[in-house]
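Here the structure comes first, spelled out in C-alpha cells, and everything after it is commentary.
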Amino acid sequence: MITSVLRTALALGLSLAMSAAAHAQSGAAEGQKLAFDRGKGNCLTCHEIKGGDLPGSIGPKLENLKGRYDRAELTAILNDETTRNPLTVMPPFGRNRILTEQEISAIVDFLQTL
Amino acid sequence: MSATRLILSVALALGLGASAVAAADRPDPVADAKAFQDYFVKKFPKVAFDDFVNGPYSMNADMRRQWEEKEQFPPYEFALEAGKEMFAKPFKNGKTYADCFPNGGIGIRQNYPYFDDKEGKVITLELALNRCREANGEAPYSYVKDEMASLTAYMAFTSRGKRFDIKIPDDPRALEAYEKGKEYFYTRRGQLNFSCASCHVQSPGERIRAEILAPALGILNAMPIYRSEWSGMGTISRRIVTCNSQTRAVPLEPQSDEYRNLEYYLSYVSNGLPVSGPGARP
C-alpha cells in the first residue's frame, strides 16, 4: 500500500516538485532563459510565449497555466507528454534527457508565472 | 488541436480507418493512398488538389504571394541551365545520359522511383543517374547537391505537369519495400522523438519557428529545390538528411535502402499529383 502510494507520487513527479519549491523564485528567470534557448527547451519552436520572438504554432499558446495545472502536472507534461497523449509531437524532455530535472524544475517555475 | 482529434486524424492518415483495420494483416497500398489523400483533402478543403505539390506555399497566402513574385526570376534557373548542358554533354566514351533512360530521359520524372524486379530493390532517379555515370566510366556525383541537383532539376522540368505514376508490381518484395518505407515514415526517432509524420502529417501548415511545414501529400513533386537557407539547390537526399538531423536523429547514408523505400512510399501515396520541380523555397 505504502509503496504503491509512493510509486504514484513519484509518477506524478511530486518528489521533483517538492525539492524544487525551494528554488522557485530564482528559478523563473533561469527557466525563461532555458525555455527560449534553442539548444535547450526551444519551446518557441512550437509555442507562443509572452516575451519570446518568432514563435511557431504547432502547440497552443502557453498562457494561464497556473490556473489549469499544478507543478506536478506541468512537470509531467515536460517530462513526457506522450503519457498524456501518445501521439503528441511535443518531445519528451525529461525521458529523453533533453533537459535535466533541475532545468525542468526551473522551466516549471517560469510556466507558473504565465 | 484536441488530443482526440489528433489521434483520430493520425489513425486516418495511417489508413487505419474501420475497413482498413479489418484487413490490417494484408497491406493494401491502394486503400492507403486513398486514405492518405483524403486526409489532406479534408484537412485543407480550400487547397486545390494539384496545389499540394507547392509545399508550404499551398498552406499560406502571404508566402504564396512572395513566391509568385519570385517565380518571375526563379532562383533555380542557373541549376536548370547547367543541368540541361550536363545532360546533353557526352561522357568520355561518347555515350550520354539519354542512353541510360527510357525516352532519352525526357518527361519521365513521374515514374521514379520504380521497383526493379531483377535487383529486387527500389531505384530512385538520383541513384539511376549515378549508376548511369558509373556504367559509362564516370565518377558518381555527391547525392546532396550541385551536379545531382542540376541534373534532376532538368529532368523534373521536362516532366512538369505529368502526374506521379508509381507502380507497385505484383511482387512480394515490392510490397515489402513499400511497407518498410511506410514504417520508416511513421516511426519516431532521435532524441526529440519525431517521426516524419509528426511534422508533415500532423502539423502541415503550422509554423515551426518561422518555417511553414509542407504537407506530406505531394512533398517530393517539387524536388529538387532551391533554398535561400542553403544558398543553393538541394536534392531529395539532401532534404531528408536535413530533416533527420534537425530532429537530432542520426541520418542514414543518402540512397540507403531505408531512404529508397521511404521515397517509394511517399511517392506512391502522391500518385496523381503533377511534377512541379524544380522548386524554390524561402
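The values are calculated or read from the model by the stated rules, or taken from the named source; none is laboratory data. Keep in mind that this is a model prediction, so the values were computed, not measured. All Cβ positions, even for glycine, are placed from backbone atoms using ideal geometry, and neighbour counts span all protein chains on display.
Note on the range B:184-194: residues that are modelled with pLDDT of 95 or more and either closer than 18 Å to B:Ser256 by Cα or more than 10 Å from chain A (Cβ to nearest Cβ) (or both) total 4. Restricting attention to the range A:24-41, the residues that are of a type outside the set (Ser, Thr, Tyr), surrounded by fewer than 20 Cβ atoms within 10 Å (Cβ to Cβ) and closer than 13 Å to A:Ile107 by Cα add up to 9. Of (1) farther than 22 Å from B:Leu217 by Cβ; (2) crowded, with 19+ Cβ neighbours inside 10 Å, B:Gln66 satisfies all except one. Which? Of (1) farther than 22 Å from B:Leu217 by Cβ; (2) crowded, with 19+ Cβ neighbours inside 10 Å, only one is false for B:Gln66: (2). I'd like the residue in the range A:44-58 that is more than 8 Å from chain B (Cβ to nearest Cβ) and either polar (S, T, N, Q) or touching a residue at least 24 places away in the same chain (Cβ under 8 Å) (or both) and, out of all such residues, is farthest from B:Ile208 (Cα to Cα). My answer is A:Lys50. Of the set (1) part of a helix (DSSP H, G or I); (2) modelled with pLDDT under 80, all apply to B:Gly15 but (1). Checked against (1) outside any helix (DSSP H, G or I); (2) at pLDDT below 95, B:Ala216 passes all but a single condition, namely (2).
Does A:Gly39 meet the test of being at pLDDT 90 or above and away from every other protein chain (no Cβ under 11 Å)? For A:Gly39, the condition - at pLDDT 90 or above and away from every other protein chain (no Cβ under 11 Å) - is not met.
Scanning for something free of Cβ contacts under 8 Å to residues at least 60 places away in the same chain and not hydroxyl-bearing (Ser, Thr, Tyr), does the range B:157-167 turn up at least one residue? Checking the range B:157-167: at least one residue is free of Cβ contacts under 8 Å to residues at least 60 places away in the same chain and not hydroxyl-bearing (Ser, Thr, Tyr).
What are the residues in the range B:88-124 that are within 20 Å of B:Ser237 (Cα to Cα) and either in a loop (DSSP other than H, G, I, E, B) or in contact (Cβ under 8 Å) with a residue 60 or more places away in the chain (or both), if any? Correct list: B:Ile108, B:Arg109, B:Gln110, B:Tyr112, B:Pro113, B:Phe115, B:Lys121, B:Val122, B:Ile123, B:Thr124.
Across the range A:76-101, the qualifying residues are those that are more than 8 Å from chain B (Cβ to nearest Cβ) and under 17 Å from A:Lys33 (Cα atoms), and the one among them that is surrounded by the fewest Cβ atoms within 10 Å (Cβ to Cβ) is A:Thr100.
For every residue, the table says whether it meets (1) more than 14 Å from chain A (Cβ to nearest Cβ); (2) under 12 Å from the mean Cα position of the chain (by Cα); (3) part of a helix (DSSP H, G or I); (4) on the phi < 0 side of the Ramachandran plot.
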| residue | (1), (2), (3), (4) |
| --- | --- |
| B:Gln202 | no, no, no, yes |
| B:Gly205 | no, no, no, no |
| B:Asn221 | yes, yes, no, yes |
| B:Tyr226 | yes, no, no, yes |
| B:Glu229 | yes, no, yes, yes |
| B:Ile240 | yes, yes, yes, yes |
| B:Asn244 | yes, no, yes, yes |
| B:Arg248 | no, no, no, no |
| B:Pro251 | yes, no, no, yes |
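Cβ separations smaller than 6 Å between residues 6+ apart or across chains give the following pairs from the range A:25-38 residues that are among the aromatic types (Phe, Trp, Tyr) to residues that are surrounded by fewer than 19 Cβ atoms within 10 Å (Cβ to Cβ): A:Phe36/A:Gly52. Of the residues B:Ile108, B:Ile123, only one is at pLDDT 95 or above and in contact with a strand residue (DSSP E or B) (Cβ under 7 Å, 6 or more places away or on another chain); which? On inspection, the qualifying residue turns out to be B:Ile123. Residue-level check: of (1) within 27 Å of B:Asp62 (Cα to Cα); (2) among the β-branched types (Val, Ile, Thr); (3) within 14 Å of chain A (Cβ to nearest Cβ), B:Ile236 misses just (3). Quick check: anything in the range A:65-88 aromatic (Phe, Trp, Tyr) and under 10 Å from the mean Cα position of the chain (by Cα)? No, because not a single residue in the range A:65-88 is aromatic (Phe, Trp, Tyr) and under 10 Å from the mean Cα position of the chain (by Cα). Checking each residue in the range B:237-272 for being charged (D, E, K, R), touching a residue at least 60 places away in the same chain (Cβ under 8 Å) and within 17 Å of B:Met148 (Cβ to Cβ) picks out B:Arg238, B:Arg260, B:Glu263. Among the conditions (1) more than 10 Å from chain B (Cβ to nearest Cβ); (2) touching a Pro at 6+ places or on another chain (Cβ under 6 Å), A:Ile107 misses just one, which is (2).
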